[in-house]
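Notes follow the structure.
The values are calculated or read from the model by the stated rules, or taken from the named source; none is laboratory data. This one's a predicted model, so the numbers in the text were calculated from it and none came from an experiment. Here Cβ is always computed from backbone atoms with ideal geometry, including for glycine, and neighbour counts include all displayed protein chains.
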Amino acid sequence: MKQTELSFFSEPQQLGTRVVKKTSVKKKKEEEWNSSLPAAAGPAVLTVTELTRRVATLLEGEIGEVWIEGEISNYRLQSSGHHYFTLKDAHAQIACVLFARTAATHSSLSLRDGLAVQIHGTVTVYQPRGQYQLMVRLIQPRGVGVLQAKFEALKQKLAEEGLFEPGRKRSLPRFPQRIGVVTSPTGAAIADFLNVLHRRHPGLQVVIAPVRVQGRGAAEEIAQAIEDFSSGVSNIGAVDVIVVARGGGSLEDLWEFNEERVARAIVASRIPVMSAVGHEIDYTICDFAADVRAPTPSAAAELLAADGAILLEGISLLVKRLQREVFLQHTHLLHRWEQGKAASLFREPERRCWELQQNLDHWEKALDTTLRHRCEQMRAMWKTMVSRLRRHHPESLFQQATHQQKALQRQLAQQMVYQQHRLQSQYERLRASLTALSPQATLSRGFTITRNQEGKVIASAAQVHPGALISIQFNDGHIDALAEERKRLRAEG
């Protein structure tokens, strides 16, 4: 078995460098604040808002996230679902706020006055009141343990980001050829892993990335080793699967596998990652982030290396199945061969040729008849289309339209003459009737029209009183008269 040892370690000077950089940032902020002050000789005058913002920047930048414990008092639950309370001990107190969204993840914990709790949160300043407070991220009864609380908080955070979703995880290769292992080279975990692996499949190649699996800085080494395996750096080469392994231990011993840096390196890996950390009862963030979790390093080796005996048994079954399929195919082909030998083609090939020749002649005649019939159909169709096209030719259509227009013009002229004569005759009849019935015609026959002084026609003698002035109209003029006496006509009888 070929093994390659790769040493990944972080320089201890880096921690000091980070501290120096943090201090320089603080000084830089102080210099910016000082430079913002006016250059006058008098003291700088700030607004309340400016001072509060400076206090908030100092508290949130220098303190940030903390763990504290104390007793709840002045607890109140708003209708919005937000929780407000004071956390106090014997000598001090601090205002706390637990927002509804965060409180939804702590539904099993009933908050009340007098409850002793441990809280993880961020120190902030509520600027409208100028009051510093603790924005609660995680809350638990006192005595549960800070490490367990941090574990649950990180697990919840990464789960909300979707890092533990089953759909994101990949399956392991069925027969890996090269396995990368991130573990301590001197621990029992790698010994058990290699023991089981080479007993089941001696030909597998293992590349070990030696890292510390406990203590400060171990998480950075583990994450870096996973990233190196994923990128396939030149001194490592490509591997088919990455195994993160460690033996059992307490929560404190396994804590480096609960760091966010390790979980994100596993998720970002381009190569499937298997977690084999601790015993079967131990669960770490690494287990949830990995594509596959193995209860122990030995179980990881069993999952990766197929058992030789089982493989040989499977191959034997496949060979038997292949032999059976070959036998069946051979029998089938032999049967078809026998059928072919018994066919007339082999027994009387000349007769078969004659039959084919006759069939060919028959189909040639049928084809010729079909072609002739089809040609006649096409010719008749062509003549029909030509005749139709001629009828619908623009010149023919134009001539038809011209003849139709002339015929319509003749009909219109005749109709107009007929209507004119009919209307003229009707007019003459009406004119004669109106002339005969007109008052002038009546006057010409010797009749007169008598009117009173208002010009109204007098139709009865009763309408005229003696002494009244009347006007009598004749055919050729009118005269005015004075009525002297009214006499009634007697009917002859």
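Each residue in segment 421-443 was checked for being within 27 Å of residue 472 (Cα to Cα) and without any contact (Cβ under 8 Å) to a residue 12 or more places away in the chain, and 10 of them qualify. The set of residues in segment 384-395 that are in a helix (DSSP H, G or I) and surrounded by 10 or more Cβ atoms within 10 Å (Cβ to Cβ) comprises 384, 385, 386, 387, 388, 389, 390, 391. The number of residues in segment 261-285 that are at pLDDT below 90, surrounded by fewer than 24 Cβ atoms within 10 Å (Cβ to Cβ) and either within 14 Å of residue 226 (Cα to Cα) or not aromatic (Phe, Trp, Tyr) (or both) comes to 4.
Among the residues of segment 84-142, those identified as touching a Pro at 6+ places or on another chain (Cβ under 9 Å) and outside any strand (DSSP E or B) are 109, 115. Restricting the search to strands (runs of 3 or more DSSP E) fully inside segment 429-493 and requiring at least 3 residues that are modelled with pLDDT of 85 or more and among the charged types (D, E, K, R) gives an empty result.
Pull up segment 121-136, narrow it to residues that are crowded, with 18+ Cβ neighbours inside 10 Å and within 37 Å of the chain's Cα centre (by Cα), then point me to the one that is nearest to residue 61 (Cα to Cα). Only one residue fits best here, namely 121. A count restricted to segment 288-329 and to residues that are of a type in the set (Asp, Glu) and at pLDDT 90 or above stands at 2. No other residue among 153, 189, 149 is touching a strand residue (DSSP E or B) at 6+ places or on another chain (Cβ under 6 Å), closer than 30 Å to residue 273 by Cα, among the hydrophobic types (A, V, I, L, M, F, W, C) and in the same structural domain as residue 266 (by TED's automatic domain parsing) apart from 189.
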